[in-house]
Amino acid sequence: MRVLFSAVPAYGHLLPLAPLIEAALADGHQAAVLTSGDMRPAVEDELAAEVELLAAGPTAIEFTTEAARRTGTDVMRPTPEVVGEVFGACRLELGGAESIERARDWAPDLVIAEYYDALGPFVAAALGIPWHQAGIGPAVPPELAELIEASAARHHDERGIVVEPPTTYLDPWPEELQEPGWSSAVPPLPMRGRAHRRPEGREAPQRGFAAADRPTALVTLGTVFSDPRVLDEFVAAVSSRPLNLRVTLGMSHGAGPNAARADEVRDSGAEIHYVPFAPLDDLLDGVGVVVGAGGSGTVLGALSRGVPLVLCPQGADQPVNAARAEAAGVAVVVDSPAGIAAAIERVLSDPSYAERAAAVAAELATRPAPADVLRALTGSPEPVA
């Protein structure tokens, strides 16, 4: 079977699909990714070599810039209306026709699209094939989901294409971190969430610390909000403490003041290892607390390993993720970097945070593995090759 995976062109949207892509290839299916061409490094570095990139549609900068122009809003701290434009009409208008053309040439049998992706469902409707939706975080509030759907529907109507609801909603998000009372309008299929990892043999193991008995914290701003100045504020807040700090430079390491920091080691009370972008699964080795902004990949990845968090949200969906993590007792949330040091000490000294994180990890471990979920979607009880 030929399985097409479709994602918004951003690491935090594409990488959550990696376990399903890996499962498809392991069962002998062919897999391709539909996203913009500037995501080629992510596909080549983070996914298996057999994955084909169908480069189509606008880059994130292109469609967010267009949404900002239309709405006069800061897309990094968006109103619900601009979110609707960003993930609805803008991507479809700038890339819908090209995406259909690329997909028709590849001839998929099935589409799996992450939650915020509008092109995958549009392609599936145009080609007359089924599609499934993959969650990447907590359920989007109904009012926001309605704005995205209404924005996308304008383009559907213009093109005369009827987009049907997904057959299944694949849900990797911990039940404890969902909004109370939430239920999926689409038949849900729970899936075991995990931290991102590269294909076997391409891991990025981390160097050890001189004082191995000290607590280790991972500091990460993810891949979108990786401003070097903000990262410096996070590190400065805790660098005088007797900790081991593993600080990932995210996607900011290729230019600017952080470029020379990759693989740097400093000791200023804490022993600090600066490292370039690496899979979260590798970065979490030996970590007792994650300090971050609250992106869904960071929260889910940390909790899949039973690691509690300290979160200082910067924008987008991070405040929502942080609030749900705090309510579940797996995180302390602060409103500025100045509060991070005290929050770390609270998490490390109060065992309830680690206990709750371990309970979330245990719940996730009971869910169907991505391989089982993929077989349920393709109807293949066993590998096809």
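The values are calculated or read from the model by the stated rules, or taken from the named source; none is laboratory data. Everything numeric here is computed off the predicted structure, so don't read it as measured data. Cβ atoms come from the backbone with ideal geometry, glycine included; neighbour counts cover every protein chain shown. Each accessible area value is taken on the protein alone, full model and side chains, heavy atoms only, with ligands, DNA and RNA left out. Shrake-Rupley method; radii C 1.70, N 1.55, O 1.52, S 1.80 Å.
Each residue in segment 274-286 was checked for being surrounded by 21 or more Cβ atoms within 10 Å (Cβ to Cβ) and within 20 Å of Ser239 (Cβ to Cβ), and 3 of them qualify. Filtered by the rule that a residue be assigned to a helix (DSSP H, G or I) and either closer than 19 Å to Ala359 by Cβ or open to solvent by 30 Å² or more (accessible area, probe 1.4 Å) (or both), segment 299-321 gives Val299, Leu300, Gly301, Ala302, Leu303, Ser304, Pro319, Val320, Asn321. Any chance segment 16-25 includes a residue that's at pLDDT 95 or above and in contact with a Lys or Arg (Cβ under 7 Å, 6 or more places away or on another chain)? Scanning segment 16-25 turns up at least one residue that is at pLDDT 95 or above and in contact with a Lys or Arg (Cβ under 7 Å, 6 or more places away or on another chain). Of all residues in segment 100-120, those being surrounded by fewer than 24 Cβ atoms within 10 Å (Cβ to Cβ) and farther than 20 Å from Asn321 by Cα number 9.
Candidates in segment 364-373 are the residues that are crowded, with 17+ Cβ neighbours inside 10 Å and in contact with a strand residue (DSSP E or B) (Cβ under 8 Å, 6 or more places away or on another chain); of these, the one that is farthest from Val111 (Cα to Cα) is Arg367. Can you name the residue in segment 146-167 that is surrounded by fewer than 18 Cβ atoms within 10 Å (Cβ to Cβ) and of a type in the set (A, V, I, L, M) and is also farthest from Leu377 (Cα to Cα) among such residues? Among those residues, the one meeting the criterion is Ala150. The residue list Ala139, Ala89, Ala126, Ala153 contains one member that is within 27 Å of Thr298 (Cβ to Cβ) and small (Gly, Ala, Ser), which is Ala139.
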